[in-house]
Amino acid sequence: MHSIAFRRRAADRVTRVLFALSAIAVILPLFLIFFDLLWKGARELKWTLLADLPHPVGEPGGGIANGILGTLTIAGLAMAGGIPMAVMAGIYLAEYGRGKFASMVRFAVDMLAGVPSIIMGIFSYVLWVLPMKRFSAWAAASALAMIFIPIVVRTTEEMLKTVPASVREAALALGIERWKTTLFITVRTATAGIVTGILLAMARIIGETAPLLFTALGNQFWQTGLDQPIAAVPLQVFNYAISPYDDWHDKAWAGAVALIGMVLLISAGARYLTRVKK
Amino acid sequence: MTRKAGDNPKDLLFEKTTAVFAFGVLFLAFLLFALLVRESLPAIRKFGAAFLVTKTWDPVAESFGALPFIYGTLVSSFIALLIAVPLAVGSAIFINEFAPEWLKTPVAFLAELLAAIPSVIYGLWGIFVLVPVLRDWLMKPAASYLGFLPLFKGPVYGPSMLAAGMLLSIMIIPFILSVSREVLATVPRLQKEAVLSLGGTHWEMIRIVIGQHCIPGIFGATILGLGRALGETMAVTMVIGNRPDILLSIFQPGYSMAAVIANEFTEATGELYLSALVEIGLVLFLLTFVVNFAAKWILKTMVSRAARGL
């Protein structure tokens, strides 16, 4: 009997340690990645990174300023097109979406949300690059919008559904028209949540690289127009990383620090908003 | 809510306007699928079903088969799951059942932060940190002692199926972890307390309760992680080695469906070459589609069973 009790207790101890170790193993890469980013990115992490154009190989200095502007441009375009569409579709699903059509839309949203981002790149390539015969900011933005839209439709629907029915009923009981109730009471109440969803989706598309490879293509110089190839930070990180030059590797790390800085800043904004709401 | 939309023309107009945007989303999904199929047609017509089981990938001779890429995608994702599932489920159990209150939120937050890191940064870290470390500390010794096994055969280059699988595992852990935590949270508290009150240890409680309740849900979480791993592009492209061969050894370079699209799309000259790449995209699309909906279905039935108290 004694040995059975001992074995049971020992098994309990051992598994406890194993579970704790697995948690450590999960978190460890995060620290390693951030440590390496700061350590290896430090050499090129200076003000010129954010202000200068890329320099050719071997020439010291140079930055990713055109990439930052390009990333903001294509993400901005994607959001300008994506937000109205996604929020309106989300309103439809939350407020009117009970029929067969609505379940088809939900199915489409689920499907789009699971599509690998590189396939959105193919989509944009076929839709814009092939007929226009050139890579462009428009094509990149439409690929990013395809990633952005399903995320925002989902969060908008979920957030609107958290608004209690009593709020809508109170507004309707006061004789406010239904469309006004939806737009100025229900959506207004859920705004913080919807904006959080938009920011999280923005953080996601800012870091996307795969769909830009054959839509934005990248550009060594300042962008000249939205129908022209455009630079983006993730593309610069990728191209510097796979280059054979050491000083470009340093720039890849520095660019990665800038990229993750942008992503974390936006995510932190999203978290701050939800905190205010609570 | 009690009024009908038809009572007021403005209400009707607003409803129809939102419906138009909802239809737009539906149309985009349809357009995506239709364009993929249309652009794949030349390759589908030329190679038929043999495309999926042909090993040659020769752009010069315009002879295309997707097998090496399908193989690479499946094997690297499988390696990722082998590593990620035990770690993710283990830490989900740790966070939900063992961790002191003050530790729960920070650990869960840090694990979630892994999901916020862009794929290209994982790839960068993979090239310059993970691959050299794996090569010198794991693959070289393993190949010299266990090299007689086909699975660990050298020569060791660094970029490999194993490196891709390990990097992928880090990337999919947060998804499996958060779904596993949700699954664990559906276990009725009474049942856990029942085991403990009968004198069971914590480990016995977990074993019994998980055996009873959580296996289907954890399976669903695994399939969800698989859906993520299959389509991951940049990180895999940067460490898998990009060689379209089918080699048994996980120390050898491979190629994946997403990686070949990423690498060769801009240089695809000729209609058939481009079409073959789009068809690989179509196959990847269908594969992730099936896997994602399988995961959703498993998790949904699991949740409804838990709601009924089974």
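Coordinate-derived values only; no laboratory data. What you see is a predicted model, and the numbers here were worked out from it, not measured in a lab. Glycine gets a Cβ as well: all are built from the backbone with ideal geometry, and neighbour counts include every protein chain shown.
This ranking places A:Thr224, B:Thr18 by how few other beta-carbon atoms lie within 10 Å of each, fewest first, which gives A:Thr224, B:Thr18.
Rounded to the nearest 0.05, the FRET efficiency derived from the C-beta distance between A:Leu174 and A:Thr274 at R0 = 30 Å is 0.55. Taking the number of Cβ atoms within 10 Å of each Cβ as an exposure proxy, the fewest-first ranking of A:Leu112, B:Leu67, A:Leu212 is B:Leu67, A:Leu112, A:Leu212. Return the loop-located chymotrypsin sites (Phe, Trp or Tyr not before Pro) in the range B:128-168 (DSSP other than H, G, I, E, B) with at most 10 other Cβ atoms within 10 Å of their own Cβ; answer none if there are none. Qualifying residues, ordered by number: B:Phe148. Tell me, what is the FRET efficiency for B:Leu113 and A:Glu158 to the nearest 0.05, using R0 = 22 angstrom and their Cβ-Cβ distance as r? Approximately 0.50, to the nearest 0.05. Geometric descriptor of chain A, per residue, is 223 Å³ (volume of the convex hull of the Cα atoms). Using every pair of distinct Cα positions in chain B, the Kirkwood expression returns a hydrodynamic radius of 22.3 angstrom. Here is the list for the range B:38-125: trypsin sites (Lys or Arg not before Pro) lying in DSSP coil, each with at most 14 other C-beta atoms within 10 angstrom of its C-beta, are B:Lys55. With N counted as the residues of the range A:71-114, its alpha-carbon radius of gyration over 2.2 N^0.38 Å works out to 1.36.
If you take the beta carbon distance between B:Leu248 and B:Thr54 as r and set R0 to 22 Å, what does 1/(1 + (r/R0)^6) give as a FRET efficiency, to the nearest 0.05? According to the calculation, E is roughly 0.70. Under the membrane-span-like helix rule (DSSP H runs whose alpha carbons stretch at least 20 Å along the helix axis, mean Kyte-Doolittle hydropathy 0.5 or higher), chain A yields A:2-41, A:65-91, A:100-114, A:137-161, A:191-206.
Here the ratio of the Cα radius of gyration of the protein assembly as shown to 2.2 N^0.38 Å is 1.02. By the combined test of axial Cα extent (at least 18 Å) and Kyte-Doolittle hydropathy (mean at least 0.5), the qualifying DSSP H helices of chain B come to B:9-47, B:67-93, B:101-113, B:161-185, B:215-231, B:271-307.
For the pair A:Leu38 and A:Leu264, the difference between a 0.36 nm per residue extended length and the Cα-Cα distance amounts to 79.9 nm. For A:Phe6, A:Phe238, the sequence from fewest to most other C-beta atoms within 10 Å is A:Phe6, A:Phe238.
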